[in-house]
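The values are calculated or read from the model by the stated rules, or taken from the named source; none is laboratory data. Owing to the predicted nature of the structure, the values given are computational and were not obtained by experimental measurement. A quick note on method: Cβ atoms are made from the backbone with ideal geometry, for glycine too, and the neighbour counts reach across all protein chains shown.
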Amino acid sequence: MTDKMKSIKVFAPATVANLSCGFDVLGCCLDTVGDEMMISITPTPGIRITKIEGADLPLETHKNVAGVAVEALLDAYNNPTIGVDIEIYKKIKAGSGIGSSAASSAGAVWAVNHLLGTPFSNQELVAFAMEGERLASGNAHADNVAPALLGGFTLVRSYTPLDVIKLHTPQDLVMTVIHPQIEVKTSDSRSVIKEKVTLKEAIHQWGNVGGLIAGLYTEDYELIGRSLEDVIIEPLRSILIPEFENVKKAAMSQGALGCGISGSGPSIFALSKSMDTATKVATAIREVYNSTGLDFDIHVSTINNQGIKIIS
Ligand code: ADP
């Protein structure tokens with residue numbers, strides 16, 4: 001066994017990306033769903049995934065997003081004497097659309113940075129964690145790793161150069177998420193999206209992005225609700241998710257502010273103004289899904305404004 005120098009156990013949160021109008025740029029961080037990871041700095045150079053519980057994921061460093069993200073960090077740190085051991089206790093199902101791969105990438109780089117005495121800024125950590133996302137989906141997107149690392153709501157204003165902004169989080173917002181346990185192939189959820197949008201659609205969409213951000217800062221819940229609308233991706237992708245329209249109707253009828261696809265699906269999120277409403281939304285969408293015979297999980301969570309947390 002490797003002689004451990006320093007270890008830390010962290011909570012690596014699930015995240016909801018896109019938030020209807022903000023494809024690839026908006027995301028927010030959850031409190032009650034997430035993985036746990038034990039990260040150790042060791043005197044034996046190299047990066048090792050020493051344990052994975054709760055999921056069948058690759059132990060090979062180059063095939064696991066946590067390994068790839070930490071490798072990007074250590075390359076920049078440029079101290080070849082350092083080694084890292086990673087244990088992953090997976091609670092977020094891979095391919096669920098609530099940032100399973102992002103939690104591992106973000107949790108690993110955050111913990112290593114902490115153990116090294118925080119040589120890197122959050123902005124730099126986002127760039128390292130994005131390398132894990134590149135491995136998972138072929139696209140180094142930041143809309144899950146940014147909220148996992150920074151907490152709350154985040155905006156990726158620009159990818160080149162990377163410019164990630166933490167937004168204001170109104171206290172009363174509560175997320176309800178249903179994860180239907182069906183496989184939606186990333187290739188399918190990509191192939192239904194159009195490469196080009198019309199100017200009319202673009203105007204509608206960026207109006208909503210601005211409205212959502214203004215609503216978050218002014219804590220105008222009705223404005224947040226009006227802005228949770230996606231005229232570009234949702235109409236195309238939602239056909240891959242069973243009962244999407246009925247889930248949305250059920251959520252809205254219980255008073256949700258808005259409802260849409262979480263990330264690339266198949267999870268669906270609904271945002272509400274209170275725990276009471278979010279719980280009623282959960283009951284209503286559970287009823288919709290009970291009739292399908294499909295397995296599903298439902299999560300109700302306040303917004304995690306901190307991001308990754310040290311457990312021990
Ligand atoms: P989600 O849809 O929840 O965001 P992704 O589809 O982005 O999840 O990521 C899942 C993919 O990443 C799977 O193909 C999985 O095998 C791969 N992967 C590699 N390492 C990990 C890891 N540590 N955690 C989760 N997924 C991983």
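Every test in (1) surrounded by 21 or more Cβ atoms within 10 Å (Cβ to Cβ); (2) over 13 Å from GLU36 (Cα atoms) is passed by ALA76 save one, and that test is (1). All conditions in (1) in contact (Cβ under 8 Å) with a residue 60 or more places away in the chain; (2) farther than 26 Å from ASP188 by Cβ; (3) assigned to a loop (DSSP other than H, G, I, E, B) hold for THR118, with the sole exception of (1).
Looking at segment 232-252 only, could you name the residues that are outside any helix (DSSP H, G or I) and of a type outside the set (A, V, I, L, M)? Don't jump to the end; show me each part of the working.
So in segment 232-252, the residues outside any helix (DSSP H, G or I) come out as 232-233, 241-243.
Within segment 232-252, PRO242, GLU243 qualify.
Residue by residue, here is whether (1) touching a strand residue (DSSP E or B) at 6+ places or on another chain (Cβ under 8 Å); (2) acidic (Asp, Glu); (3) more than 12 Å from the ligand (Cβ to nearest atom) holds:
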residue: TYR89; (1), (2), (3): yes, no, no
residue: GLY107; (1), (2), (3): yes, no, no
residue: VAL112; (1), (2), (3): yes, no, yes
residue: LEU116; (1), (2), (3): yes, no, yes
residue: ALA127; (1), (2), (3): no, no, yes
residue: LEU135; (1), (2), (3): no, no, no
residue: ALA140; (1), (2), (3): no, no, no
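Answer yes if at least one residue in segment 29-41 is within 12 Å of the ligand (Cβ to nearest atom), at pLDDT 95 or above, among the β-branched types (Val, Ile, Thr) and touching a helix residue (DSSP H, G or I) at 6+ places or on another chain (Cβ under 7 Å), and no otherwise. Within segment 29-41, not a single residue is within 12 Å of the ligand (Cβ to nearest atom), at pLDDT 95 or above, among the β-branched types (Val, Ile, Thr) and touching a helix residue (DSSP H, G or I) at 6+ places or on another chain (Cβ under 7 Å). Reported count of residues in segment 91-103, each being within 6 Å of the ligand (Cβ to nearest atom) and under 13 Å from ILE182 (Cβ atoms), is 3.
If you go through segment 55-86, how many residues are closer than 20 Å to VAL145 by Cβ and within 16 Å of the ligand (Cβ to nearest atom)?
Narrowing segment 55-86 to residues closer than 20 Å to VAL145 by Cβ: 55, 57-58, 61-77, 84, 86.
Now drop any that are not within 16 Å of the ligand (Cβ to nearest atom), which leaves 55, 57-58, 61-73, 84, 86.
Selection size over segment 55-86: 18.
Of the strands (runs of 3 or more DSSP E) lying entirely inside segment 152-217, not one contains at least 3 residues that are surrounded by fewer than 20 Cβ atoms within 10 Å (Cβ to Cβ) and of a type in the set (Val, Ile, Thr). In segment 253-291, how many residues are touching a residue at least 60 places away in the same chain (Cβ under 8 Å), outside any helix (DSSP H, G or I) and either touching a His at 6+ places or on another chain (Cβ under 8 Å) or among the polar types (S, T, N, Q) (or both)? Going through segment 253-291 one residue at a time, the tally reaches 6. Taken over segment 139-198, the criterion of being at pLDDT 95 or above and among the basic types (Lys, Arg) is satisfied by ARG157, LYS166, LYS196.
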